[in-house]
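Derivation of every value follows stated rules applied to the coordinates shown; laboratory data play no part. Note that this is a predicted model, so its numbers are computed, not measured. Quick reminder, even Gly has a Cβ in these numbers, built from the backbone with ideal geometry, and neighbours come from all protein chains shown.
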């Protein structure tokens, strides 16, 4: 990552610490912006911080995070190799589901992270991140393990939906599904990252489009089921 993008990512994280765009600011201990390699080829996007994340200020540090670490280790990666963040940067009370106004308030931070990190693959963990970044209503049960070429903000990526690791904690049979889907990530990371038709030639410094658009001619795999 060049110095300009690194400073911009640090500035975005700093801006988020004082964010009051939604009511979640009133109950948080701290903002959980993101962690890992700011120049990673793989970004993982979860749902929202939980109790432990709210206390530590880092994403995926609880039991689901420990499982995520094991899944990454299974494909030869660790936290230092990837960038991890969430759809929401503040913990919803009682770990309830994110609300539409909260997602809308946090969306610019997420798209800014994608724009600055420039990952080749964005793996969405669970329904909320998948629906937001795909721009489609399809649930994770239908679309997990099916990659889709998109331009997210200004960045061409492979979007790769996965079950949230917490799903395997509640339903142990899901672990095999997660392991199978994770096993494809190295191949996805190895794909040619050539120019994507329809992608902007240059990224603006401050403007973040409100959502993704599909790359012209890309396979529409998320709509098959």
Report summary line: Label model pair residue 29, residue 104: point-to-point distance (7 angstrom along the Cα→beta-carbon line) in nm is 3.1 nm
Report summary line: Over the Cα atoms of region 47-203 the radius of gyration and the largest Cα-Cα distance (Dmax), both in Å, equal 15.2, 45
**Report entry** Mean projection area, nm², convex hull over Cα of region 59-114
**Finding:** 4.6 nm²
Report summary line: Between residue 97 and residue 10, Cβ-based FRET efficiency (R0 22 Å, step 0.05) works out to 0.15
Query raised in the report: Is region 36-139 rounded, prolate or oblate when judged by the Cα gyration tensor, a ≥ b ≥ c being the square roots of its eigenvalues, rounded requiring a/c under 1.5 and prolate requiring a/b larger than b/c?
Result: oblate
Query - Span per principal axis, largest first, for the Cα atoms of region 1-96 (Å) - result: 39, 35, 17
Query - Residues of region 14-29 with amide N under 19 Å of the 7 Å Cα→Cβ point at residue 52 - result: 29
Query raised in the report: In whole Å, what is the distance between the alpha-carbon centres of region 132-179 and region 1-31?
Result: 25 Å
Query raised in the report: Length gain on complete extension for the stretch residue 81 to residue 183, per 0.36 nm per residue less the alpha carbon to alpha carbon distance?
Result: 35.1 nm
